[in-house]
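Below: one structure, written as structure tokens.
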Amino acid sequence: MKGARPALRYAKAILNLAKESGLETDVNVDMQLINATISESDDLQTMLKSPIIKASDKKKVLNAIFTDKVNAVSLGLFNLLEENKRMVMLQPIASQYTIIYDYLKNMDIAKVTTAVALTKEMEEKVLQKIVELTGNKTSIENKIDPSILGGFILRVGDMQYDASISSNLNALRKQFDDSQYIPKI
């Protein structure tokens, strides 16, 4: 991914600055807001990527959108990116910030794939089990995939646990295909 290394460096610098001020959690919320806002707006993405629009104009637009919503450290990032003519990197920086913040706070993101949406009770049970297994705080990202039929697929970091019905059916099918069983007719 082009620009990933510089985005990581900027994100680390912003995190260090936020830690000195004791605002790392507030800046994390800001970065999530910035990332989500840019992701949802094609016009904003196009404006940030456009080489024709001046960096100062891009900063004015960002300030108009985020001034009352984010703190001074996050607004300072806009100034820094304008000076270095790297406004296009705002979204990757925001994304990288949340990743390294979660790592700093020993938080994992558990990706749970289910056939239907998780209820609050099930989310709490899954969270308790993940904390019990990994020892880290976790947030859940629920993906709905009707093709798994039932059960769930849980992925935390590099660990995956597949308890889906489709997986069990495939394993059973493989057993029957591999066996030497010949039915009597």
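Confirm whether LYS12 is closer than 19 Å to LEU81 by Cα and either in a helix (DSSP H, G or I) or in contact with a His (Cβ under 8 Å, 6 or more places away or on another chain) (or both). Give the steps one after another, and end with the answer.
Details: closer than 19 Å to LEU81 by Cα: yes; either in a helix (DSSP H, G or I) or in contact with a His (Cβ under 8 Å, 6 or more places away or on another chain) (or both): yes.
Answer is yes for this residue.
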Exercise. What helices (runs of 4 or more DSSP H), lying completely within region 78-185, carry at least 2 residues that are basic (Lys, Arg)?
Worked result: 120-134, 165-178
Seminar exercise, completed: Inside region 131-150, the number of residues satisfying the requirement of being surrounded by 16 or more Cβ atoms within 10 Å (Cβ to Cβ) and under 26 Å from ASN170 (Cα atoms) is 2
For this session: Being closer than 24 Å to LYS59 by Cβ, loosely packed, with under 14 Cβ neighbours inside 10 Å and either touching a Pro at 6+ places or on another chain (Cβ under 9 Å) or free of Cβ contacts under 8 Å to residues at least 12 places away in the same chain (or both) is the filter here, so list the residues in region 84-130 that pass it.
Result: ASN84
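Every number here is computed from the coordinates shown, using simple stated rules; none is lab data. Values in this document were obtained by computation on a predicted structure and should not be read as measured data. Cβ atoms come from the backbone with ideal geometry, glycine included; neighbour counts cover every protein chain shown.
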